[in-house]
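Following: one structure in structure tokens, then a few remarks.
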Amino acid sequence: MSDFLSTLKSAIERLSARETISNPDEARPIFFDFRAALTRGAIRAAEKVGGHWVVNAWVKHGILLGFRLGELQQMSDGDVLSFIDKDTFPVRRLTLADRVRLVPGGSSIREGAYVAPSVVCMPPMYINVGAYVDEGTMIDSHALVGSCAQIGKRVHLSAAAQIGGVLEPVNAAPVVIEDDVLIGGNCGVYEGTLVRTRAVLGAGTILTRSTPLYDLVRGEIYRASAEQALEVPENAVVVPGSRAVKKGKGAEWSLSLYTPVIVKYRDEKTERGIELEEWLR
């Protein structure tokens, strides 16, 4: 970490520890430096260190500090879009220099979200503060990237996919989608779930801390614990499934509960079925 970022980290931690901020005018420039670093990807809410994802709690503290310092303000973008939000988190203004392809039609990216060059945003979609979206990723229509979510390279978030944000508690891991993952339409990934490299989530798959993941190939059941979120293995192909209720009225009524199921791991047939057209990028 550079001297500038180390100094910034210390300042954010100092301000966040105060119950009240007596001099907001002095604190706001510090926050704006923090937000700028977050927007350009110099800092992030979580990062991979030695093969493991590590939460940077001070970054989350900095985001929360922005909400404490912010004041409600009416904002507008021309004659059409008008909204009211904290003035510390306005809509991010992209330029040609950002090299992000933002197709017209009602999409928004908040300041404090890093969006790498070559990302494609199809309308309408939304990227919240603290999110990190890496190169070559496509965020399709009606998709959401929640606060502090970490999205890798060449990920495809299909239409209506929801990547939940985990801003609080500050020590909790956000949702992480690693490189070359395909998230099908109407999927939901929540509560700090980690989706490893090259996994595929079939349309309608929901992943949370409370839902076990059944691996038919390896004969394993993956669950979240108090210390660790649910983790989808590398190259896994996950589809929506169900498991029978075997007790009480559930058994009597022949009910079943939803559960995600790993039906295979990526092979040549999978590659052909999910091949993405590079010309779209």
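Looking for whichever is in contact with a strand residue (DSSP E or B) (Cβ under 6 Å, 6 or more places away or on another chain) and assigned by TED's automatic domain parsing to the domain that holds TYR258 here; the options are LEU167, LEU182, LEU96. Which one fits? Break it down into steps so the answer makes sense when it comes.
Numbers: LEU167 fails: in contact with a strand residue (DSSP E or B) (Cβ under 6 Å, 6 or more places away or on another chain); LEU96 fails: in contact with a strand residue (DSSP E or B) (Cβ under 6 Å, 6 or more places away or on another chain).
When all the criteria are applied, what remains is LEU182.
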What's the total number of residues in the stretch 191-206 that are in contact with a Leu (Cβ under 7 Å, 6 or more places away or on another chain), of a type outside the set (S, T, N, Q) and assigned to a loop (DSSP other than H, G, I, E, B)?
0
Just need a number here: residues in the stretch 87-143 that are of a type in the set (D, E, K, R), outside any loop (DSSP other than H, G, I, E, B) and within 21 Å of LEU167 (Cβ to Cβ).
1
Could you list all residues from the stretch 219-242 that are loosely packed, with under 12 Cβ neighbours inside 10 Å and touching a residue at least 12 places away in the same chain (Cβ under 8 Å)?
SER242
Does the stretch 52-73 include one or more residues that are assigned to a loop (DSSP other than H, G, I, E, B) and within 19 Å of ILE151 (Cβ to Cβ)?
yes
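When you check SER108 against the structure, is it within 26 Å of ASN56 (Cβ to Cβ), in contact (Cβ under 8 Å) with a residue 40 or more places away in the chain and polar (S, T, N, Q), yes or no?
On the way: within 26 Å of ASN56 (Cβ to Cβ): yes; in contact (Cβ under 8 Å) with a residue 40 or more places away in the chain: no; polar (S, T, N, Q): yes.
No, not satisfied.
Please go through the stretch 202-218 and give me each residue that is among the β-branched types (Val, Ile, Thr), surrounded by fewer than 22 Cβ atoms within 10 Å (Cβ to Cβ) and more than 18 Å from SER147 (Cα to Cα), ordered by number. Lay out the reasoning, then the answer.
Kept after step one, since they are among the β-branched types (Val, Ile, Thr), are these residues of the stretch 202-218: 205-206, 208, 211, 217.
Keeping just the survivors that are surrounded by fewer than 22 Cβ atoms within 10 Å (Cβ to Cβ) gives 206, 208, 211, 217.
Those that are among the β-branched types (Val, Ile, Thr), surrounded by fewer than 22 Cβ atoms within 10 Å (Cβ to Cβ) and more than 18 Å from SER147 (Cα to Cα): ILE206, THR211, VAL217.
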Within the stretch 243-279, considering residues that are modelled with pLDDT under 90 and surrounded by 10 or more Cβ atoms within 10 Å (Cβ to Cβ), the one nearest to ASP140 (Cα to Cα):
LEU276
State yes or no: is GLU231 outside the structural domain of LYS48 (by TED's automatic domain parsing) and modelled with pLDDT under 95?
no
Looking only at the stretch 6-24, filter to residues that are basic (Lys, Arg) and outside any loop (DSSP other than H, G, I, E, B); which one of those is surrounded by the most Cβ atoms within 10 Å (Cβ to Cβ)?
LYS9
Can you find even one residue in the stretch 173-187 that is surrounded by fewer than 14 Cβ atoms within 10 Å (Cβ to Cβ) and of a type outside the set (A, V, I, L, M, F, W, C)?
no
Can you pull out every residue in the stretch 250-263 that is under 19 Å from VAL195 (Cβ atoms) and either outside the structural domain of PRO233 (by TED's automatic domain parsing) or among the hydroxyl-bearing types (Ser, Thr, Tyr) (or both)?
TYR258, THR259
Residue in the stretch 201-216 that is polar (S, T, N, Q), within 22 Å of SER141 (Cα to Cα) and either in the same structural domain as GLN150 (by TED's automatic domain parsing) or more than 24 Å from the chain's Cα centre (by Cα) (or both) present:
yes
For residues in the stretch 144-187 being over 11 Å from the mean Cα position of the chain (by Cα) and outside any loop (DSSP other than H, G, I, E, B), which is nearest to ARG209 (Cα to Cα)?
ILE183
Quick one: count up the residues across the stretch 75-86 that are in a strand (DSSP E or B) and without any contact (Cβ under 8 Å) to a residue 12 or more places away in the chain.
4
Run down ALA199, ALA161 and say which single residue is surrounded by 22 or more Cβ atoms within 10 Å (Cβ to Cβ), of a type in the set (Gly, Ala, Ser) and out of contact with any Pro (no Cβ under 9 Å at 6 or more places or on another chain).
ALA161
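The values are calculated or read from the model by the stated rules, or taken from the named source; none is laboratory data. Small disclaimer: the values here were computed from a predicted structure and weren't measured. Methodologically, a virtual Cβ is constructed for each residue, glycine included, from the backbone with ideal geometry; neighbour enumeration extends over all protein chains shown.
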